[in-house]
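Worksheet: one structure, shown below.
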Amino acid sequence: MTDARRQATLPLFPLQTVLLPLTVLSLHLFEPRYRQLAVDLLTGTVPDRRFGIVAIRNSTVREVETLDHVYVIGCTALLGESKRLPDGRYDIVTTGERRFRLLSIDRTRAPYLVGEVEWLPDEPLPPAAREVAARLSESARSAHRRYCEAAWDSGAWKPPEPGAGPAELAHLLAADCLLPLADRQRVLEERHPLRRLRLVHHLLVREAGFVAALRAVPAPPPETQDLGAPATLN
């Protein structure tokens, strides 16, 4: 897989959550096919320790067989830390990287799904939009701070580094917010940096209002995983 190629082949991991670029997702692998994926990633059978994560559209889907079962816009995951447990299961930590569109699914090539994907880069941000981007970034950071102060303990979050630009800032801010799957998918699919940042600003303000009204962080809906803990795979 190289940046010069428009398309690539990736192992696929369908989940009932959305991985965003630059964000961290911990996974507990217990199904035999995903144990094999971990082995293939660690041994280099799958190059570059990368695979694709796509969100399952409906929590009632037990086996992904067609493109209709998943959102076709997904994100590559880079394998970081990994731990093999005595019974062969794996705990792994991944980081989101590149957005892609899933073109096809192959169920016969490996024990796990394999997909043909095309890369989806961000739309360029015109130089004339830099002033607007700076103002919007400041507003979004303020909304993020208000949400996190209401929702989390003081040591459970920290603001993104000051140098984060608008293209990546939305993903970093959204990572700390407990959003329904559909909203996280909207953030992932938005390719214009300013529209994405406006969307995340809106979602943070909305969720902060919910927290204030309920005086508690809403429980995750059934289709949403707790991104701060190892995620179950079924």
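The values are calculated or read from the model by the stated rules, or taken from the named source; none is laboratory data. Source: prediction; values computed, not measured. Methodologically, a virtual Cβ is constructed for each residue, glycine included, from the backbone with ideal geometry; neighbour enumeration extends over all protein chains shown. Only protein heavy atoms, including side chains, enter the accessible area calculation; ligands, DNA and RNA are left aside. Shrake-Rupley method; radii C 1.70, N 1.55, O 1.52, S 1.80 Å.
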So how much accessible area does L136 have, in Å² to the nearest 10, using a 1.4 Å probe?
30
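State to the nearest 20 debye the size of the charge dipole of the range 24-72 about its Cα centre, where the only charges are +1 on K and R beta carbons and -1 on D and E beta carbons. Walk me through the numbers on the way to the answer.
Details: 6 positive and 6 negative charges, 29 e Å.
Computed about the Cα centre, the dipole is about 140 debye.
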The percentage of the accessible area of the range 86-220 (probe 1.4 Å, all protein chains present) made up of carbon and sulfur atoms, to the nearest whole number, is 54
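If you take every DSSP beta bridge whose two residues both sit in the chain, what share of them, in percent to the nearest 5, is antiparallel? Let's see the in-between values first.
On the way: 31 of 36 bridges.
The antiparallel proportion sits near 85 percent.
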Accessible area per residue, 1.4 Å probe, Å², for the chain: what's the number?
50
A correct Karplus calculation of ³J(HN,Hα) over the range 47-58, with 6.51 cos²θ - 1.76 cosθ + 1.60, θ = phi - 60°, whole Hz and x for Gly and Pro, returns x, 6, 6, 10, 8, x, 10, 10, 8, 6, 5, 9
For the range 1-55, the accessible surface attributable to carbon and sulfur atoms (probe 1.4 angstrom, ligands and nucleic acids excluded) amounts in percent to 52
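With a/c under 1.5 counting as rounded, go ahead and sort the range 1-100 into rounded, prolate or oblate using the C-alpha gyration tensor (a ≥ b ≥ c being the square roots of the eigenvalues; past the cut-off, prolate if a/b is larger than b/c, else oblate). Please list the in-between numbers first.
Working: a/c = 1.59, a/b = 1.11, b/c = 1.44.
It is oblate, given that a/c is not under 1.5 and a/b is not larger than b/c.
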Degrees between helix 32-43 axis and first principal axis of the chain (Cα, 0 to 90, nearest 10)
80
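Give me the dipole magnitude in Debye, nearest 20, for the chain about the Cα centre, with unit charges on the beta carbon: positive for Lys and Arg, negative for Asp and Glu. Can you show the working numbers first?
Details: 30 positive and 29 negative charges, 40 e Å.
It works out to roughly 200 debye.
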Which one, H28, P47, P126, is farthest towards the positive end of the dipole of the range 1-129 when Lys and Arg carry +1 and Asp and Glu -1 on their Cβ?
H28
Karplus ³J(HN,Hα) for the range 125-136 (6.51 cos²θ - 1.76 cosθ + 1.60, θ = phi - 60°; Hz, whole; x = Gly/Pro) runs 9, x, x, 5, 8, 5, 5, 4, 4, 5, 5, 5
Which value in nm describes the separation of the simple spin-label points at R5 and A150, placed 7 Å from the Cα toward the beta carbon?
4.6
Does the range 63-109 come out rounded, prolate or oblate by the C-alpha gyration tensor, with a ≥ b ≥ c the root eigenvalues, rounded set by a/c under 1.5 and, if not, prolate when a/b is larger than b/c and oblate if not?
oblate
Cα→Cβ-extended label distance, 7 Å offset, between R89 and S104, nm
3.6
With all protein chains modelled, accessible area of T9 [1.4 Å, Å²]
50
(1) 70, 26, 13; (2) 28, 18, 17; (3) 30, 21, 16: which one is semi-axes √(5λ) of the Cα gyration tensor in Å as calculated from this entry?
(3)
